[in-house]
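The values are calculated or read from the model by the stated rules, or taken from the named source; none is laboratory data. Every value quoted in this text rests on a predicted model; they were computed, and no experiment measured them. Ideal geometry is used to build each Cβ from the backbone, glycine not excepted, and the neighbour counts take in all protein chains shown.
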Amino acid sequence: MSQTDRTQLFDDWAKTYDAIVLSSGGGFPFDGYEQILDEVVRLADVKPDMRILDLGIGTGNLAARFVHEGCIVWGVDFSAEMLAKARMKLPQVNLVQANLLDDWPTELQQRFDRVASAYVLHEFDLETKVDLLKRVALHHLEDGGCILVADVTFPTTMARTEASRRWAAEWDEDEYYWVADETIAACEKVGLQATYKQVSSCGGVFTFAIRGAG
Ligand SMILES: C[S@@+](CC[C@H](N)C(=O)[O-])C[C@H]1O[C@@H](n2cnc3c(N)ncnc32)[C@H](O)[C@@H]1O
């Protein structure tokens, strides 16, 4: 699928996105959606006025939680329609339209106390995920900061294979749903320390930080 088609897909989804995720009721892929976003904020351990960047902010459901904690929030997304929804809900958030995999615009050339992301990075293969995490950790995190990633994740390859059978009708072979143990090993190799917590039947939260920092 081309980049334009991919962006269009999210533009089209923006109208119904909140209704779908908030009513997913235990199904794949959004089982535990709200609980998972809450867990990101708990693990982020933020204080008022901390600066947060939300990668793939979508309609702003994760960002809203950081705003509620008194944080100063930036959000980046390539979908104009998703950003329009976020702008309506969260006028105080600094929104930037950009592709995460391209060079980031000037507004994002800065460091944040926390960088967070929910249900976005499964779009990328493991190598691309790790490259992006490393780039963010080295160039966009304050000392002692960390990256929190919530997504469709499984603890092991075997668990992911079982899940692909269980949810065969909904499973998307074009997505790169995470496997925690292979992710942690790949991150270790590039100097990123990763921890993982499974939260629902198909979702969990990673924390990434530069090894030895903080
Ligand atoms: C499934 S939604 C998740 C939205 C929100 N983070 C949440 O948890 O509800 C994925 C979002 O990531 C954005 N996205 C996907 N790939 C992207 C990319 N390469 N660059 C920027 N945004 C991207 C989409 O436009 C969409 O808003």
Which condition number does residue 187 fail, the rest of (1) in a helix (DSSP H, G or I); (2) surrounded by fewer than 18 Cβ atoms within 10 Å (Cβ to Cβ); (3) within 19 Å of the chain's Cα centre (by Cα); (4) without any contact (Cβ under 8 Å) to a residue 60 or more places away in the chain being met? (2)
Taking residue 166 and the conditions (1) under 17 Å from residue 30 (Cβ atoms); (2) buried (at least 16 other Cβ atoms within 10 Å of the Cβ), which numbered condition does it fall short on, given that it satisfies the others? (2)
What is the one condition in (1) under 18 Å from residue 110 (Cβ atoms); (2) within 7 Å of the ligand (Cβ to nearest atom) that residue 61 does not satisfy? (1)
Report, ordered by the first and then the second residue, all pairs with beta carbons closer than 9 Å, sequence separation of six or more or different chains, a first member in region 197-214 that is free of Cβ contacts under 8 Å to residues at least 12 places away in the same chain, and a second member that is buried (at least 21 other Cβ atoms within 10 Å of the Cβ). none
So how many residues does region 1-23 have that are more than 11 Å from the ligand (Cβ to nearest atom) and closer than 18 Å to residue 60 by Cβ? 4
Would you be able to tell me the number of residues in region 28-58 that are within 10 Å of the ligand (Cβ to nearest atom) and touching a residue at least 40 places away in the same chain (Cβ under 8 Å)? 10
Check whether at least one residue in region 91-105 is crowded, with 17+ Cβ neighbours inside 10 Å and not aliphatic (A, V, I, L, M), and report yes or no. yes
Only one of 131, 143, 49 is out of contact with any helix residue (DSSP H, G or I) (no Cβ under 7 Å at 6 or more places or on another chain), among the charged types (D, E, K, R) and on the phi > 0 side of the Ramachandran plot; which? 49
Could you grab me the full set of residues in region 164-214 that are of a type in the set (Lys, Arg) and closer than 28 Å to residue 113 by Cβ? 189, 197, 211
So is residue 95 farther than 23 Å from residue 210 by Cβ, in a strand (DSSP E or B), modelled with pLDDT of 95 or more and away from the ligand (no atom under 11 Å from the Cβ) or not? yes
